[in-house]
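The values are calculated or read from the model by the stated rules, or taken from the named source; none is laboratory data. Being a predicted model, the structure only gives us computed values, none of them experimental. Don't worry about glycine lacking a Cβ; one is built from the backbone with ideal geometry, like all the others, and counts go over all protein chains shown. Please note that ligands, DNA and RNA were not included when accessible areas were found on the heavy atoms of the full protein model with its side chains. Shrake-Rupley method; radii C 1.70, N 1.55, O 1.52, S 1.80 Å.
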Amino acid sequence: MISIKNLHAKVEDKAILKGLNLEIGPGEVHAIMGPNGAGKSTLGNVLAGRDGYEVTEGSVVLNGKELLELEAEERAREGLFLAFQYPVEIPGVSNLEFLKASVDAVRAHQGKDALDSVNFLKMAREKIKSVNLDQSFLKRGVNEGFSGGEKKRNELMQMMMLEPKLCILDETDSGLDIDALQVVAQGVNAMRDPNRSFIVVTHYQRLLDYIVPDYVHVLAGGRIVKTGGKELALELEEKGYGWLENEAQ
Ligand code: ADP
Ligand code: MG
Ligand code: MG
């Protein structure tokens, strides 16, 4: 599904990712944990093709296609979705218009017709309800004046509408109260599918009680230095990351 090999990337001329390898199969949820500044967000941004990240070596293949050669928009059309790090505000463009344009672009890329407005609206109403946002959020400017939790729920809703193949969730839990966290986790769990994979970046084991991963990885020093099952998150919570320092060298 996605194969990351020997990925090296720089930010502002500083090497951050230093030979990162990660294989993610269809339907799998991989959690990534690690110390502050390890490069977790950099990994998400590099995969999504955000500006300011220079890949110096390596490959990232999603469903047989080399992602690193594609522009950010093309990667999104290939089914990649990066959530929660930088929710964009687009004043003047309603959530509904934005969603319709995004979904139509993805469908066109897949050779499918655009959804008719009636069906689209019906689907948008169902999804916004499922993330516990009022229907009025569909008419508001994208993320305009939304609280942190509302932005996250809105972005989850976008993700549900776009039906990506690879969802990358960064700092899913930061700024969410426990109820909002459960709404987001339920939404993510409802999206789990044999043909969809997830990378969930988190600082806290707690999130993984709600979104139960198949694998937990530790990213330190720009590489994956340890991989385990969900019990690894508990071990990290208990022991911290210091004991892995030698492996990060
Ligand atoms: P994590 O998400 O694991 O906490 P990041 O990927 O955000 O770590 O950051 C990794 C390193 O890259 C940090 O040292 C951070 O300061 C640096 N970094 C990330 N983005 C930028 C940027 N835009 N400009 C300069 N340094 C950056
Ligand atoms: Mg950070
Ligand atoms: Mg981060």
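Key figures
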| read-out | value |
| --- | --- |
| Test: residue in the range 114-132 that is open to solvent by 20 Å² or more (accessible area, probe 1.4 Å) and modelled with pLDDT under 90 | yes |
| Residue check for V93: in contact with an Asp or Glu (Cβ under 8 Å, 6 or more places away or on another chain) and away from ligand 1 (no atom under 16 Å from the Cβ) | no |
| Identity of the residue in the range 53-68, open to solvent by 70 Å² or more (accessible area, probe 1.4 Å) and within 19 Å of A105 (Cβ to Cβ), that ends up nearest to the chain's Cα centre (by Cα) | N63 |
| Looking only at the range 187-221, and only at residues there that are polar (S, T, N, Q) and more than 16 Å from ligand 2 (Cβ to nearest atom), the one that is surrounded by the fewest Cβ atoms within 10 Å (Cβ to Cβ) | N195 |
| Residue that is open to solvent by 30 Å² or more (accessible area, probe 1.4 Å) and in contact with a Gly (Cβ under 9 Å, 6 or more places away or on another chain), where the choices are A9, A38, A15 | A15 |
| Close pairs from the range 198-215: first of a type in the set (D, E, K, R), partner within 16 Å of ligand 1 (Cβ to nearest atom) and part of a strand (DSSP E or B), Cβ under 7 Å, at least 6 apart | D214/H30 |
| Some residue of the range 158-165 being under 17 Å from P87 (Cα atoms), open to solvent by 50 Å² or more (accessible area, probe 1.4 Å) and not in a helix (DSSP H, G or I) | no |
| Selection within the range 233-249 - over 17 Å from L169 (Cβ atoms) and touching a residue at least 40 places away in the same chain (Cβ under 8 Å) | L236, Y241 |
| Those residues of the range 34-85 which are within 16 Å of ligand 3 (Cβ to nearest atom) and under 19 Å from V188 (Cβ atoms), in sequence order | K40, S41, L43, G44, L47, A48, L82, A83, F84, Q85 |
| Hits in the range 133-156 (condition: of a type in the set (K, R) and open to solvent by 20 Å² or more (accessible area, probe 1.4 Å)) | K139, R140, K151, R153 |
| The range 45-66 residues that are free of Cβ contacts under 8 Å to residues at least 40 places away in the same chain, paired with ones that are open to solvent by 50 Å² or more (accessible area, probe 1.4 Å) and assigned to a strand (DSSP E or B) (beta carbon under 8 Å, 6 or more apart) | V46/Y53; V46/V55 |
